[in-house]
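The values are calculated or read from the model by the stated rules, or taken from the named source; none is laboratory data. Worth saying up front: this structure is predicted, and the values here are computed from it rather than measured. Positions of Cβ are backbone-derived with ideal geometry, glycine not excepted, and every protein chain shown enters the neighbour counts. Ligands, DNA and RNA are excluded from the accessible area calculation, which covers all protein heavy atoms including side chains. Shrake-Rupley method; radii C 1.70, N 1.55, O 1.52, S 1.80 Å.
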Amino acid sequence: MLTQAGLGDSVTQLKVNVCLSSWQLIVAVCGSFMAEKLGRRFLALFSLGLCSIFFYLLAGLTAKFGTSHNLAGTYGTIACIFLFLGAYSFGITPLTAMYAPEVLPYNIRANGIAMQGILVKSCGVLVTMAFPYMMEAIGWKTYIVNASWNILMWLYI
């Protein structure tokens, strides 16, 4: 993502990734504390809605500035990556951990959480393996595919 955003230096990418991870941790903890006040459904809809918006913005910025040497465009694209990951971390990260234990009855909770873990990890592997191929094949349009999928999930919720 950072390479397509116009950030090619590996040392700078490492620094940005450390900042991204710290940012995600802080926002996920804040989202965890807000889940009770905001409600689970609102939190999921809010997070997915923002993720979709930021993914579409990221697609546009990457398409326009990804191959240019426009420093402001590169910074804007990186800021959009931070905003997308913040929106994801605020809602989806805490809900993934807390939703299954809350809705499953006690007698099937352990099996249900184990199945959820397998499903979540399997989806993570699929996305991790497919994303580079998608980026190579369709480039910035990958973000549009993901944003459109988020809209379908938003409608389902």
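Does any residue of the range 52-67 turn out to be of a type in the set (A, V, I, L, M) and within 23 Å of Phe33 (Cβ to Cβ)? No, the range 52-67 has no match at all.
Considering only residues in the range 7-49 that are closer than 28 Å to His69 by Cα and outside any helix (DSSP H, G or I), the one that is modelled with the lowest pLDDT turns out to be Leu7. Screening Ala147 with (1) over 15 Å from Tyr56 (Cα atoms); (2) in contact (Cβ under 8 Å) with a residue 24 or more places away in the chain gives one miss only, at (1).
Looking across Gly73, Gly139, one residue alone is small (Gly, Ala, Ser), in contact (Cβ under 8 Å) with a residue 60 or more places away in the chain and touching a Leu at 6+ places or on another chain (Cβ under 8 Å). It is Gly73.
Of all the criteria given as (1) at pLDDT below 95; (2) among the polar types (S, T, N, Q); (3) in a helix (DSSP H, G or I); (4) open to solvent by less than 80 Å² (accessible area, probe 1.4 Å), the one not satisfied by Gln4 is (3). For the range 85-114, a tally of residues being in a loop (DSSP other than H, G, I, E, B) and in contact (Cβ under 8 Å) with a residue 60 or more places away in the chain returns 0. When the range 64-82 is filtered for residues that are buried (at least 16 other Cβ atoms within 10 Å of the Cβ) and part of a helix (DSSP H, G or I), the ones remaining, listed by number, are Phe65, Gly73, Thr74, Gly76, Thr77, Ile78, Cys80, Ile81, Phe82. Please verify whether the range 36-50 includes one or more residues that are under 22 Å from Val145 (Cβ atoms), open to solvent by 60 Å² or more (accessible area, probe 1.4 Å) and touching a residue at least 60 places away in the same chain (Cβ under 8 Å). So far as the range 36-50 goes, no, none of its residues is under 22 Å from Val145 (Cβ atoms), open to solvent by 60 Å² or more (accessible area, probe 1.4 Å) and touching a residue at least 60 places away in the same chain (Cβ under 8 Å). Looking across the range 98-118, the residues that are open to solvent by less than 100 Å² (accessible area, probe 1.4 Å) and either more than 26 Å from the chain's Cα centre (by Cα) or closer than 20 Å to Arg41 by Cβ (or both) come down to Met98, Ala100, Pro101, Glu102, Val103, Leu104, Pro105, Ile108, Arg109, Ala110, Gly112, Gln116.
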